[in-house]
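J.: There's a structure below that I have some questions on.
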Amino acid sequence: MILKVVKYGEPVLRKKGARIESITPEIKKLIADMFDTMYAQKGVGLAAQQVGHALQLTVIDVRGATDRPSSLELKGQPAEVESFMPLVLINPELTLTGEKAAGPEGCLSFPEVFAEISRPQFVDVKASNEKGKPIEFRAGGLLGRAIQHEWDHLQGILFIDRMEKKTKEELKPELDAIQSETKAELAAGKK
């Protein structure tokens, strides 16, 4: 089922996600719905906060992004990214490594807003998958960037928080418009 993606201005986007202690039928359904939603929106990642749930859960699939390569290492050995997708990360823990590099980012909660964001080139990930099994890997390229972006969501951090001040100022009219529209929708829904 396709869920509503909450936009900038929704309080849930600023909430740190709660740890998931067990993979319940509700969590399994949420994961499936999050994939449906992400694919329908043509995204490469989606955090639970973006569909209104403050949980430590994100889904990622970079297979459709052919213009920006990804890298993956399992137990120190290069691995095929496609065979590891789609990816579910529950309660992820990240260790950021490598030099910072700027790259383009967008966010489903910020329609039509894109900016260059500097992030470390690699990320070591420890998490559980959709079956509750532990997974560990190193990601780089688009996959590494997507994981860092989604992990930020799980902490209540938005990609605008990572923008250079000048970029954020340039995007202020678009950001204000999204936030105003969201606040108007929230106010209408409370009446």
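The values are calculated or read from the model by the stated rules, or taken from the named source; none is laboratory data. These numbers were taken from a predicted model, which means no experiment stands behind them. Cβ placement follows ideal geometry from the backbone for every residue including glycine, while neighbour counts extend to all protein chains displayed.
J.: Hey, could you check region 45-75 for residues that are aliphatic (A, V, I, L, M) and in a strand (DSSP E or B) and say which is farthest from LEU142 (Cα to Cα)?
T.: The selected residue is LEU55.
J.: Specify which of the listed residues (GLN49, GLN77) is of a type outside the set (Asp, Glu) and under 30 Å from LYS165 (Cβ atoms).
T.: Result: GLN49 is the single residue among GLN49, GLN77 that is of a type outside the set (Asp, Glu) and under 30 Å from LYS165 (Cβ atoms).
J.: What is the number of the single condition among (1) surrounded by 14 or more Cβ atoms within 10 Å (Cβ to Cβ); (2) in contact (Cβ under 8 Å) with a residue 24 or more places away in the chain that TYR39 does not meet?
T.: All conditions are met except number (2).
J.: Turning to a different aspect of this structure: Mind listing just one residue for me: the one in region 83-92 that is at pLDDT 95 or above and farther than 15 Å from GLY144 by Cβ and, of those, surrounded by the fewest Cβ atoms within 10 Å (Cβ to Cβ)?
T.: The selected residue is PRO86.
J.: Just give me the residues in region 76-114 being part of a strand (DSSP E or B), among the hydrophobic types (A, V, I, L, M, F, W, C) and closer than 26 Å to HIS53 by Cβ, in sequence order.
T.: The answer is LEU87, VAL88, LEU89, ILE90, LEU94, LEU96, CYS107, PHE110, VAL113, PHE114.
J.: Determine if region 1-8 includes at least one residue that is surrounded by fewer than 20 Cβ atoms within 10 Å (Cβ to Cβ) and over 26 Å from ALA177 (Cβ atoms).
T.: Checking region 1-8: at least one residue is surrounded by fewer than 20 Cβ atoms within 10 Å (Cβ to Cβ) and over 26 Å from ALA177 (Cβ atoms).
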